[in-house]
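Enquirer: Input: one structure, supplied below.
The values are calculated or read from the model by the stated rules, or taken from the named source; none is laboratory data. Source: prediction; values computed, not measured. Every residue, glycine as well, gets a Cβ built from its backbone with ideal geometry; the counts of neighbours run over all protein chains shown.
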Amino acid sequence: MATVTYTSKSTTTKQTGSRSQIFKGFSTQGRTFQDPKLYDIELVKQDLLNHFNIRKGEKLENPSFGTGIWSYIFDPLDDQTRQAITDDVQAVIDYDPRVQLDQLTVDEYEHGIQVSISVIYISYNIGEQMNLLFDQNEGLLTQGSNIYSVSS
């Protein structure tokens, strides 16, 4: 019989130069293999984008993970569809405890749906406005983002 021991994980920070690293991870998406490491806000943002890239039912052993926005691309953007997309975006943001949704706008896009979200990175008191384009031909595209300070 195997014994599993669980030790509570406490948040530790590592000082590198003038910034501390609370969250650590890696990604090969859009990066060189020489430096696949991601830290802090960059890691949280990549995790959110990964979540939006996965369609519900695609992840093995977790069919409820992902987003259903992809199934609405060909639907008319009426109030019911807009509300379903809003609920789905809220669920993705709520899944990650490191962020909080600040603002959300859903619009039509030439080949899909444009979702503009403002999220607050809770540990840093920093917000970021992102434009996500769910394109029927190209997949998930991101346009420029703006980072802003959140007053306490």
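Enquirer: Is it the case, given these coordinates, that PHE134 is touching a Lys or Arg at 6+ places or on another chain (Cβ under 8 Å), among the hydrophobic types (A, V, I, L, M, F, W, C), at pLDDT 90 or above and over 30 Å from SER151 (Cα atoms)?
Expert: No.
Enquirer: OK, next. Which residue pairs have Cβ atoms closer than 6 Å, lie 6 or more positions apart in sequence or on different chains, and pair a first residue in region 86-110 that is in contact (Cβ under 8 Å) with a residue 60 or more places away in the chain with a second residue that is surrounded by 15 or more Cβ atoms within 10 Å (Cβ to Cβ) and hydrophobic (A, V, I, L, M, F, W, C)?
Expert: Correct list of pairs: ARG98/VAL44.
Enquirer: Using the structure shown, decide if GLN103 is out of contact with any Asp or Glu (no Cβ under 9 Å at 6 or more places or on another chain), assigned to a helix (DSSP H, G or I) and among the polar types (S, T, N, Q). First the steps, then the outcome.
Expert: Working: out of contact with any Asp or Glu (no Cβ under 9 Å at 6 or more places or on another chain): yes; assigned to a helix (DSSP H, G or I): no; among the polar types (S, T, N, Q): yes.
No; evaluated as a whole, the condition is false for this residue.
Enquirer: Is it the case that some residue within region 69-79 is touching a strand residue (DSSP E or B) at 6+ places or on another chain (Cβ under 9 Å), in a strand (DSSP E or B) and touching a residue at least 40 places away in the same chain (Cβ under 8 Å)?
Expert: Scanning region 69-79 turns up no residue that is touching a strand residue (DSSP E or B) at 6+ places or on another chain (Cβ under 9 Å), in a strand (DSSP E or B) and touching a residue at least 40 places away in the same chain (Cβ under 8 Å).
Enquirer: Filter region 96-115 down to the residues that are under 21 Å from TYR72 (Cα atoms) and either loosely packed, with under 15 Cβ neighbours inside 10 Å or of a type in the set (Asp, Glu) (or both) and list them by number.
Expert: GLN103, THR105, ASP107, GLU108, GLU110, HIS111 - these are the residues of region 96-115 that are under 21 Å from TYR72 (Cα atoms) and either loosely packed, with under 15 Cβ neighbours inside 10 Å or of a type in the set (Asp, Glu) (or both).
Enquirer: Considering only region 78-95, how many residues are exposed (fewer than 14 other Cβ atoms within 10 Å of the Cβ) and either touching a Cys at 6+ places or on another chain (Cβ under 6 Å) or of a type in the set (Asp, Glu) (or both)?
Expert: 4
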